[in-house]
Amino acid sequence: MSSALLNGLFVFMLAGFIGFEIIKRVSPLLHTPLMSLTNALDAIAVVGAIVLVGEHKSNLSFVLGIVAVIAATSNVVGGFLITDRMLKMFKTSRPTKP
Amino acid sequence: MTELAGNQLLLEVVYLIASALFILSLKWMSSPRTARHGIWAGELGMLLAIGGTLLHHGIVDYKWIVIALVIGSGIGVPLGFVHMTAVPQRTALSHAFGALCVTLVGTAEFYLRTPNVAPFMMAVLSMEVILGSLTFTGSLMAAGKLQEVLPQRPITYKGQNLVNLFFLSVAVGLAVYLVLHPGARQVFPVMVVIPLIFGVLMIIPIGGADMPTVISLLNSYAGLSAAAMGFVLDSKLLIIAGALDGSSGFILSVIMSKAMNRSFTNVLFGAFGQVQVKAAGSTEEQTVRSATAEEAAGILAAANRVVIVPGYGMAVAQAQHKVRELFDALTKRGVDVRFAIHPVAGRMPGHMNVLLAEADIPYDKLIEMDDINGDFPQTDVALVIGANDVTNPAARTDQSSPIFGMPILDVEKARTVMVIKRGMSPGFAGIDNPLYYFDHTLMLFGDAKAFVNSIVHELAGNSH
């Protein structure tokens, strides 16, 4: 096993723990926007696809890369847009009561 | 550690900052007050990461990257503007897109690298591709069921679990073979196709009521496959994003499975919708008391504390805006109105909160099950709109009930219970609800939207 993979495992383990601790604290009110946000963040996979397209090492990797960039970009754009739309709807009660 | 060239070092620093922003982004989701900062942090991190990647030294061809980014944005924008009722299927679809990206990149990397792939790398690569492809078809199936282009009814057959297990073990077996023989390129396409089939088979036996759990589980799979991709590409940013997404989906599926009273192994192995329940036929006639909108309005107007219990039936009837009018009318009369939200009162985790927030109901009036259950004895009226199984007291008292043990909202402890319902047909799970036969329960028969509207009219008439 290379040291890069071992480092990766350490990062994965730590990020997993951080994820658990942070997500546990997310209010159930916001579980739907949470899921659309993590979805958008997950689409960071687009960077791997961009490199595939840009390096153009083989025709196969080039074509697969293009489709992958399209799929991931739609998640980035759509995910952030809808999360923002949802969060804008959450308003607290007006302080003035008749 | 080998010294990084200047450009490469800069890129790694950009990824480091993006990782921190992603973590902050989720941290700020803890409260509705800070949540929108979370989006900005996420967007900034994403922008930095993509911008930094474009400076990657190996990139020779920008034209097609830009074209793909533009097409992707073109697909993403309409997906960002779907109706709030359609958010669950949109989410399932985006899990499919994410998994597609991961699978395609994994496939490309396989053909670029073989036969010189170390065993551990091949194991991670196989995991990336297997998880990615089963999530891809599984999420498409889930989206189809939620959009109702596919039948929502669970399709089950004898030996279903064995068949599914068989497909999964073949895929894993092929992965092991590839780890031992990295040059066996002809095996790879089979290892992609089998999980694609498995993804379809996995979702076939799942009914609409289990969708909140399924979506969460697919969310977790999508995250894990992205993390595996991070290992393959040696991208710590991707490992972190995938681990965050994976743990988020995992936690949500645990919450959902608890709310549905399903064991955790049940969730892990995707064996949802197994309980084929038939209403245990107590055919003897029981009497129910019904009331008109006028009577209901009178009782509500005389109450001090009202708790509204919305279920997905309310959203199906598009009644949430009328419910807001009722909320306003009662609040104006000085009645304390709150909403009791069951964790599975929608088609995905938290869905009901979004639907009510869209109807301009303030979020501090949306109370979770555990926080409001203690308040029902002091509640004058519990008004149930389009919810059934989550209010069924049999879940607490009747050991023979299929939903025994499922956490429910204790509406029957309120002084008066009113249930808006089309007729006496049993609920989603096909189980009779004893709540309807209690002496202090009033059935309000009719369409949720129309009935709430009549109550609002009556309340307006009374105030003159």
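Worth a mention:
- Search result, residues across segment B:71-88 that are aliphatic (A, V, I, L, M) and exposed (fewer than 12 other Cβ atoms within 10 Å of the Cβ): none
- Within segment B:263-289, considering residues that are over 28 Å from the mean Cα position of the chain (by Cα) and either of a type in the set (Val, Ile, Thr) or modelled with pLDDT of 90 or more (or both), the one farthest from B:Phe445 (Cα to Cα): B:Thr283
- Taking segment A:3-34 as the range and being over 20 Å from B:Gly38 (Cβ atoms) and of a type in the set (Phe, Trp, Tyr) as the test, the residues that pass are A:Phe10, A:Phe12.
- Some residue of segment B:106-117 being at pLDDT 95 or above and among the β-branched types (Val, Ile, Thr): yes
- Only a single criterion out of (1) in a helix (DSSP H, G or I); (2) in contact with a Phe, Trp or Tyr (Cβ under 9 Å, 6 or more places away or on another chain) is not satisfied by B:Asp370, namely (2).
- Looking across segment B:125-158, the residues that are surrounded by 23 or more Cβ atoms within 10 Å (Cβ to Cβ) and of a type in the set (Val, Ile, Thr) come down to B:Val129, B:Ile130, B:Thr135.
- Just one residue in the set B:Phe198, B:Phe188 is within 25 Å of the chain's Cα centre (by Cα), touching a residue at least 24 places away in the same chain (Cβ under 8 Å) and over 26 Å from B:Gly311 (Cβ atoms); that residue is B:Phe198.
- For B:Val384, the conditions (1) touching a helix residue (DSSP H, G or I) at 6+ places or on another chain (Cβ under 9 Å); (2) surrounded by fewer than 23 Cβ atoms within 10 Å (Cβ to Cβ); (3) among the hydrophobic types (A, V, I, L, M, F, W, C) all hold with the exception of (2).
- In segment B:433-464, residue nearest to B:Ser401 (Cα to Cα) [restricted to those that are touching a residue at least 24 places away in the same chain (Cβ under 8 Å) and either part of a loop (DSSP other than H, G, I, E, B) or in contact with a His (Cβ under 7 Å, 6 or more places away or on another chain) (or both)]: B:Asn433
- Residues satisfying the stated conditions in segment B:231-250, i.e. surrounded by 24 or more Cβ atoms within 10 Å (Cβ to Cβ), facing chain A (nearest Cβ under 7 Å) and more than 20 Å from B:Met29 (Cβ to Cβ): B:Phe231, B:Ser235, B:Leu238, B:Ile239
- Within segment B:323-330, none of the residues are among the basic types (Lys, Arg) and outside any helix (DSSP H, G or I).
One line per residue, one yes/no per condition, for (1) facing chain B (nearest Cβ under 7 Å); (2) assigned to a loop (DSSP other than H, G, I, E, B); (3) in contact with an Asp or Glu (Cβ under 8 Å, 6 or more places away or on another chain):
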{"residue": "A:Leu14", "(1), (2), (3)": "no, no, no"}
{"residue": "A:Val26", "(1), (2), (3)": "yes, yes, no"}
{"residue": "A:His31", "(1), (2), (3)": "yes, no, no"}
{"residue": "A:Lys88", "(1), (2), (3)": "no, no, no"}
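- Considering A:Ser93, A:Ser74, A:Ser61, the condition of being crowded, with 23+ Cβ neighbours inside 10 Å, closer than 24 Å to B:Leu355 by Cα, at the interface with chain B (Cβ under 7 Å from one of its Cβ atoms) and not basic (Lys, Arg) is satisfied by A:Ser74 alone.
- Criterion: assigned to a helix (DSSP H, G or I), within 17 Å of B:His95 (Cβ to Cβ) and touching a helix residue (DSSP H, G or I) at 6+ places or on another chain (Cβ under 8 Å) - qualifying residue of A:Gly65, A:Gly79: A:Gly79
A quick yes/no check of all residues on (1) within 30 Å of B:Ala357 (Cα to Cα); (2) modelled with pLDDT of 95 or more; (3) more than 7 Å from chain A (Cβ to nearest Cβ):
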residue: B:Thr53; (1), (2), (3): no, no, no
residue: B:Trp64; (1), (2), (3): no, no, no
residue: B:Gly74; (1), (2), (3): yes, yes, yes
residue: B:Val77; (1), (2), (3): yes, yes, no
residue: B:Thr85; (1), (2), (3): yes, no, yes
residue: B:Leu93; (1), (2), (3): yes, yes, yes
residue: B:Leu100; (1), (2), (3): no, yes, no
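- Hey, B:Lys145 more than 19 Å from the chain's Cα centre (by Cα), over 29 Å from A:Gly48 (Cα atoms) and not aromatic (Phe, Trp, Tyr) or not: no
- The residues of segment B:402-420 that are outside any helix (DSSP H, G or I) and either surrounded by fewer than 18 Cβ atoms within 10 Å (Cβ to Cβ) or in contact with a strand residue (DSSP E or B) (Cβ under 6 Å, 6 or more places away or on another chain) (or both), listed by number, are B:Phe404, B:Gly405, B:Leu409, B:Ala414, B:Arg415, B:Thr416, B:Val417, B:Met418, B:Val419, B:Ile420.
- Whichever residue in segment B:25-46 is free of Cβ contacts under 8 Å to residues at least 24 places away in the same chain, small (Gly, Ala, Ser) and assigned to a helix (DSSP H, G or I) and, among such residues, is farthest from A:Leu41 (Cα to Cα): B:Ser30
- Filtered residues of segment B:102-133 (kept if farther than 22 Å from A:Phe62 by Cβ, more than 10 Å from every other protein chain (Cβ to nearest Cβ) and of a type in the set (Val, Ile, Thr)): B:Ile130
The values are calculated or read from the model by the stated rules, or taken from the named source; none is laboratory data. Just so we're clear, the structure is a prediction, and the values are computed from it rather than from any experiment. Reconstructed Cβ throughout: ideal geometry from the backbone, glycine too, with neighbour counts over all protein chains shown.
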